Structure formats: structure tokens, C-alpha cells
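Notes to accompany the following structure.
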Amino acid sequence: MAVRQGWRLLTGFDVFLAAELTRRPFDQALGHAADLATGQILHGLGGVDGTVAEAMRYAVTGGKGLRAFLVVESARLHGILDAQAAPGAGAIEALHAYSLVHDDLPSMDDDDLRRGQPTVHVKWDEVTAILAGDALQALAFELIADAGCSDAARVALVAGLARAAGVRGMVGGQAMDIAAETASQPLSLEQISVLQAGKTGALIEWAATAGPVMAGDDAGPLQRYARDLGLAFQIADDILDIEGDAETVGKAVGKDAGAGKATFVSLLGLEPAKERARALVQSACDALAPYGDDAETLREAARFVIARKS
Ligand code: IPE
Ligand code: IPE
Ligand code: MG
Ligand code: MG
Ligand code: MG
């Protein structure tokens, strides 16, 4: 946002802008972004009846909203208001919810519990889960088409989201994850890093760079932040699978080892994996140096990612 120079009378609009662009503590910012995202998705589904729409509303409820937060917070750092960023927050949470609905299917991870509730295929059936996931992905693109930025930036957001979701991103990582379950050799650290960068990292990176992309600014520092954060996030998820309890985590735990999942924990062991996650968080925080103290909420988010219990 333009730095205000000298003394002048603030208009009501300036005061409004200044308030919205002022840094909030992480927990407040997270809740706020999650609400913005859910609001966008529910509005996008407005007036649609039927089982698939009902399952979609169900699937977008109860998440932490971390990806929505990354959109709104990266936007704030680039002077972009909530109303302009909200479609991006809704889009990424819809896309993420689709990835979870399909991840839980019997042919993938075969999970019965998600966010403390029965998974979509358990509450309804597999057909409903497949279609609700498909439609959540489509809804993500419908929402992002409304992002409040220039046409060129909107095209960049849409193309970036397609790439992050697809075979070079989340789907590609999921394919490697499933293939690793039956591979004859354990994956190398390098291969696991590629797997995680696709499966989890790609959507997180899209979210954390949405702000500079919308503003037409350099996305380099936030891209570096997101790459470290995404990997730390997935290591923490893999640690929760070992150390967490299902009630707190909200999903089944203790499944990855039995399923032959390739994770940093399976390869390095628990303590070295924790050490790696801590180092990644430090490096993610360091990448935010160009933003100074204004990026403290993103630093809090990075610390939260490895301290979380769910
Ligand atoms: C879970 O993501 C799936 C992974 C990519 C590891 P989150 O832990 O962000 O899930 P919700 O949205 O809060 O339920
Ligand atoms: C899933 O990773 C990542 C995506 C949904 C793309 P996991 O399979 O580890 O996620 P959880 O543990 O089921 O949430
Ligand atoms: Mg999985
Ligand atoms: Mg899973
Ligand atoms: Mg997991």
C-alpha cells in the first residue's frame, strides 16, 4: 500500500482501508479468512438443492482454513482488501476440500473420518463423493474468475490454480503417493520432496503467492516462504499420524506406516523429521525479511504449522 506522506486529513475511506490492512494476530486472521472462504463457497452454491450440493457444503465445513488465510494475508501485504481476495480464499478452500474428499475414497486412503465427521463417501456413498469432489473443483474455478484484480492477474491466478491442482501439482503428488505404497524400493529423500511439493506444496504455494500475483508484484519472497512452509506442513501432518490421537486430529491416525506411505518420518525417523520441520520453519520466516514486521502474522502461521495438534 502506498506510504502516506506528511500530514493530511484522513478521509473515512482511508480509515477504512488502514483498518483492513492492519496486521491481525494469527488466530484472528485465520478465523476471519476461513469465514470469508466459506461465505464465498456457500454463496456460490446459493439456491442449489440436491445431494451433491449438500455434500459439497458438508465437505467445506470444519477445516482450519490455512490456505484461505495465506491468500488473504499475502493479499493484505500487497495492499489488497479482503473483498478483492475473498474469491481466491473461497477457490482454494473449495479445491482443497475436493482433494480431501477424493483422498479419503476407498480406492485412495480409504478413510472414514475427516474433520471429526464421517467422510463424504461414508455419510452418503462413493458416487456422491466423486461428484461432490468434481463439482468443488469446478466451483473453485468459477470463484477465482471473480478475483478483484486486473484481467492479466486474474488469468495468471486461473492458470496457476490449474497447474497447482493438476498433474504437475496436487494430482501428480497424489499419484506418486499412491504408487509409493507398492514400490519395491523406498523413495529417496529427493523423491519424497518432489512428492510432497506436488501433493501438499502446490496448493499452499498458489495460496501464499496469490497476493503478489493479484497486485502484479514480485512473488519471489512468498514463493520461498511457501515452499518451506508446505514441506514443514506435510512433515507435521505425517508426525500427527504417529503422535496424534484421532479425536484431536479429527481423522484416523496410525495409518501411514501400515499403508507403506513414503514420508520424511518413514525415511528419517521421528526426531530428524521434527528437526527438519523446525529448520524449514526458520527458513520460511527468514524468506519474509523484505516485508519486515508486517509479515509477523505469516511467521506466526509458520510456527503454528509445526506446533498444531490437528
Ligand atoms: C490436510 O490438510 C491434508 C494435507 C494436505 C496434509 P489440512 O490439515 O489443512 O486440513 P483441514 O482443511 O484443516 O481439514
Ligand atoms: C493428502 O495427504 C493430501 C491431499 C489431499 C492432496 P494425506 O493423505 O496425508 O492427508 P490426510 O492425512 O488424509 O489429511
Ligand atoms: Mg493421501
Ligand atoms: Mg489421506
Ligand atoms: Mg496425512
Worksheet entry | Options 277, 302, 289, 262; residue that is over 20 Å from residue 248 (Cβ atoms), touching a Phe, Trp or Tyr at 6+ places or on another chain (Cβ under 9 Å) and of a type in the set (A, V, I, L, M, F, W, C) | 302
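Determine which member of the set 143, 203, 131 is under 26 Å from residue 261 (Cβ atoms), in a helix (DSSP H, G or I), among the aliphatic types (A, V, I, L, M) and modelled with pLDDT of 95 or more.
Testing whether each residue is under 26 Å from residue 261 (Cβ atoms), in a helix (DSSP H, G or I), among the aliphatic types (A, V, I, L, M) and modelled with pLDDT of 95 or more leaves just 203.
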Item to complete: Kindly provide the set of residues from the range 150-181 that are surrounded by fewer than 16 Cβ atoms within 10 Å (Cβ to Cβ), more than 20 Å from residue 85 (Cα to Cα) and away from ligand 4 (no atom under 16 Å from the Cβ), ordered by number.
Response: 166, 167, 168
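Give the range 233-283 a look and list any residue that's touching a strand residue (DSSP E or B) at 6+ places or on another chain (Cβ under 8 Å) and more than 12 Å from ligand 2 (Cβ to nearest atom), or say none.
Selection gives nothing.
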Worksheet item: Where residues in the range 241-251 are part of a helix (DSSP H, G or I) and closer than 20 Å to residue 101 by Cβ, which of them is farthest from ligand 3 (Cβ to nearest atom)?
Response: 246
Discussion item. When you check residue 169 against the structure, is it in contact with a Lys or Arg (Cβ under 8 Å, 6 or more places away or on another chain), more than 11 Å from ligand 1 (Cβ to nearest atom) and under 27 Å from residue 147 (Cβ atoms), yes or no?
Written reply: yes
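Out of everything in the range 236-276 that is among the basic types (Lys, Arg) and touching a Leu at 6+ places or on another chain (Cβ under 9 Å), what residue ends up being nearest to ligand 5 (Cβ to nearest atom)?
251
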Worksheet item: Residues 198, 211, 216, 173: which one is in contact (Cβ under 8 Å) with a residue 24 or more places away in the chain, on the phi > 0 side of the Ramachandran plot and not basic (Lys, Arg)?
Response: 216
Worksheet item: In the range 17-123, which helices (runs of 4 or more DSSP H) lie fully inside it and hold 2 or more residues that are in contact (Cβ under 8 Å) with a residue 24 or more places away in the chain and under 18 Å from residue 305 (Cα atoms)?
Response: 26-44, 66-77, 82-103
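The values are calculated or read from the model by the stated rules, or taken from the named source; none is laboratory data. Quantities reported herein were computed from a predicted structural model and do not represent experimental measurements. Positions of Cβ are backbone-derived with ideal geometry, glycine not excepted, and every protein chain shown enters the neighbour counts.
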